[in-house]
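None of the figures in this text is laboratory data; all of them are computed from the coordinates on show. Just so it is clear, the structure is predicted and the values come from calculations on it, not from any experiment. For neighbour counting, all protein chains shown are included, and Cβ atoms are generated from backbone atoms with ideal geometry for every residue, glycine included.
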Ligand code: GDP
Ligand code: GDP
């Protein structure tokens with residue numbers, strides 16, 4: 001699982017600017033999906049071959065009266081779950097009392113802290129950093145986040161402070177087969193489902209501890225296929241303890257999504273679809289993961305209630321139409337076996353190799369059926385397509401003026417590829433390369 005870096009600092013020092021630099025949002029590649037909630041607080045990035053996760057904590061004000069606000073609580077949880085804290089200060093504003101209070105609080109967490117002085121553009125870095133030594137957090141690093149300056153050097157210097165990660169090949173050996181993460185809000189039935197699955201299956205090995213403190217990877221076999229189940233934070237053992245909202249960890253959820261090949265997303269049919277579901281699904285979509293939707297607690301619902309849930313799904317989560325849905329009861333085991341066929345199909349689609357000639361032919365048939373629009377009197381041209389990646393499949397499309405291609409047309413193309421390639425359960429990313 002990816003190591004976690006938490007960005008901390010008082011408001012306005014440049015945390016979100018640095019966050020964007022470290023995560024380099026890939027939004028441009030994804031057609032906008034109605035109904036999807038995106039989180040700007042959590043992101044992933046990569047330097048060299050080293051992947052990491054970044055959390056923008058939103059900030060501690062450093063004022064004691066606000067320390068117990070919800071935001072401060074979430075900030076503390078993020079710090080506790082982080083492998084490293086980047087403490088940002090403003091080189092132009094200089095050292096202030098709030099910085100000193102935050103520094104003091106941070107020391108209590110016993111985490112590696114890197115002091116970062118931002119906004120050092122157009123000023124003498126030596127002069128502005130001098131006073132920050134007083135914080136007693138070691139040598140400050142200087143950056144100008146808004147100009148992307150100093151970011152590479154910063155990452156190079158924090159790299160030795162972060163845990164080692166394993167490469168893909170080693171991952172495959174340690175956690176064989178199709179890796180599955182179970183995602184859903186508290187009480188959706190994750191631990192019940194995991195217990196049900198593991199109770200039924202022959203285990204290839206007993207619990208194998210993951211790289212991260214609290215997550216466990218459990219390999220098992222079913223109908224000749226090997227899977228590794230990712231159990232975050234002892235979901236399984238905690239089965240009888242009621243999970244509180246505070247205990248729920250967004251960081252661990254994202255780490256599990258990231259480490260998985262396929263996500264089984266649990267919805268609670270009794271509670272209906274809530275904002276938190278859309279939020280969690282946004283994280284799955286941002287990671288580009290293959291997806292199976294399990295609507296749980298289907299037992300004992302009246303036909304009326306069932307209809308309502310189905311309508312709700314279409315209305316509130318229309319972007320999910322690419323994923324297979326299964327109506328299950330984790331408690332009684334109904335429908336649980338069917339999940340695995342869907343997982344296999346999603347996995348196969350997500351990792352499929354597609355030839356250039358096939359993709360180009362499909363692009364041509366899409367364009368013939370429905371031409372791209374004119375821009376400034378000239379028609380947008382789409383010439384050929386090839387595959388740019390797997391899990392999720394990336395289709396690179398070459399043409400002219402592709403920057404002007406409307407979102408609706410991108411969705412049309414995505415659907416065209418999906419339908420003709422019969423890709424199920426995986427998002428598809430389109431990338432455009434323009435000749436002009
Ligand atoms: P946050 O509240 O800590 O997330 O701060 P933001 O990232 O929103 O930045 C606050 C303000 O500082 C914005 O107006 C940014 O444009 C500005 N800012 C961020 N980084 C730099 C920098 O490197 N140099 C300068 N001059 N301004 C910056
Ligand atoms: P988690 O927080 O997502 O791990 O959810 P749990 O597995 O702890 O389940 C929360 C509650 O829902 C528990 O009381 C379970 O017994 C109950 N539950 C889980 N699955 C089902 C189901 O399929 N049907 C019914 N009726 N209750 C369920």
| task | With an 8 Å cut-off on Cα pairs and a minimum separation of 6 or more residues, tell me the relative contact order of the chain in percent. | result | 13
| Rounded if a/c under 1.5, otherwise prolate or oblate - segment 82-126, Cα gyration tensor axes | oblate
| request: Sort the following peptides by mean Cβ neighbour count (other Cβ atoms within 10 Å, averaged over residues), highest first: 338-345, 186-193. | output: 186-193, 338-345
| remark: A correct fewest-to-most ranking of 298, 175 by other Cβ atoms within 10 Å would be 298, 175
| request: Let me know the shape class of segment 341-404, please: from the alpha-carbon gyration tensor, a ≥ b ≥ c as square roots of the eigenvalues, rounded when a/c is under 1.5, otherwise prolate if a/b is greater than b/c, or oblate. | output: prolate
| If each of residue 46 and residue 226 carries a label point 7 Å out from its Cα toward its Cβ, how far apart are those two points in nm? | 2.5
| task | Calculate for the chain the 222 nm mean residue ellipticity that helices alone would give, adding -39,500 (n - 2.57) per DSSP H run of length 4 or more and normalising by residue count, nearest 500 deg cm²/dmol. | result | -10000 deg cm²/dmol
| field | Gap separating the Cα centres of segment 82-156 and segment 157-188, nearest whole Å | value | 30
| Segment residue 369-residue 383, length gained on full extension (0.36 nm per residue, minus Cα span) | 3.6 nm
| field | Part-to-part distance (alpha-carbon centres) for segment 269-307 and segment 396-434, which is given in Å | value | 26
| Per the Cauchy relation, a quarter of the hull surface: what is the mean projected area of the convex hull of the alpha carbons in the chain, in nm²? | 24.3
| said: Please list, by residue number, everything in segment 404-427 whose backbone N is under 20 Å from a paramagnetic label point 7 Å out along Cα→Cβ of residue 376. | reply: 404-407
| request: With a 10 Å radius around each residue's Cβ, average the other Cβ atoms per peptide and rank 89-97, 2-10, highest first. | output: 2-10, 89-97
